[in-house]
Amino acid sequence: QLFEKPFTVITAIVMFVLAFVLPVPEMQLPFGLSQAPIAVGFILLGYIFKGVMDEFHKKGVLLHALVAALSAAAFYVGVFVIEGQELVSMFVCSYGEPLRFFCNAISGCVLVMAVSSLIAKIPEKAFGDVVHRFLSWLGRSTMGVFLIHVPITRQWIAPFFENTFGLARMSFAGGLISGIISLAISCVLMAVIERYIPQLFGKKLGKVYQ
């Protein structure tokens, strides 16, 4: 698949290189633009390996659960044990040692992919089609949610939990709780934007869920 999309591969490599060599701006750009190179690189990486992900999605629940457990363990060890006190965060464009960063990032991506495959196996009659409709919408609105959640997390959610409860944003509990709340708020705001001013994200007026 690498040779089927050479321009995409080259662009992804360029984005990753830029993310590591560009100087960190003293003031973060709005809407997560400071993190754009590394984010675009991973988006293109997902596009490159789409075929692999599609084949994985067709596998059984047992394999998905096993991959989810292993990738979760690898992600936890890589981020919260091995990294130690080293600041590795997209918030401040600090990525640490490249090889370790990519191992942690890829394990996180695989974890999300495995969990998504498990969720997709839930019969529609179990929860109606609410779960599947929401995930379908989230997939189409990922970029908007990404752009919205960055300032929300950095400016309000993470500082609130850090100052109020003493949960450091780089800790497991702080990152997990602030991430869940930030995602929920970002999804609500994205749904409101799509309902009333979808032009902000190049969409037409219409229903949020389709």
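Hey, any hits in region 195-205 for a residue that's of a type in the set (Lys, Arg), open to solvent by less than 70 Å² (accessible area, probe 1.4 Å) and modelled with pLDDT of 75 or more? Checked region 195-205: no residue is of a type in the set (Lys, Arg), open to solvent by less than 70 Å² (accessible area, probe 1.4 Å) and modelled with pLDDT of 75 or more.
Looking for whichever is closer than 30 Å to LEU22 by Cα, modelled with pLDDT of 85 or more and either open to solvent by 50 Å² or more (accessible area, probe 1.4 Å) or within 17 Å of the chain's Cα centre (by Cα) (or both) here; the options are LEU87, LEU63, LEU111, LEU70. Which one fits?
That would be LEU111, the only listed residue that is closer than 30 Å to LEU22 by Cα, modelled with pLDDT of 85 or more and either open to solvent by 50 Å² or more (accessible area, probe 1.4 Å) or within 17 Å of the chain's Cα centre (by Cα) (or both).
Within region 155-168, not a single residue is small (Gly, Ala, Ser), assigned to a helix (DSSP H, G or I) and modelled with pLDDT of 80 or more.
The values are calculated or read from the model by the stated rules, or taken from the named source; none is laboratory data. A quick note: this is a predicted structure, and the numbers were derived from the prediction, not measured. All accessible areas refer to the heavy atoms of the entire protein, side chains included, with ligands and DNA or RNA removed. Shrake-Rupley method; radii C 1.70, N 1.55, O 1.52, S 1.80 Å.
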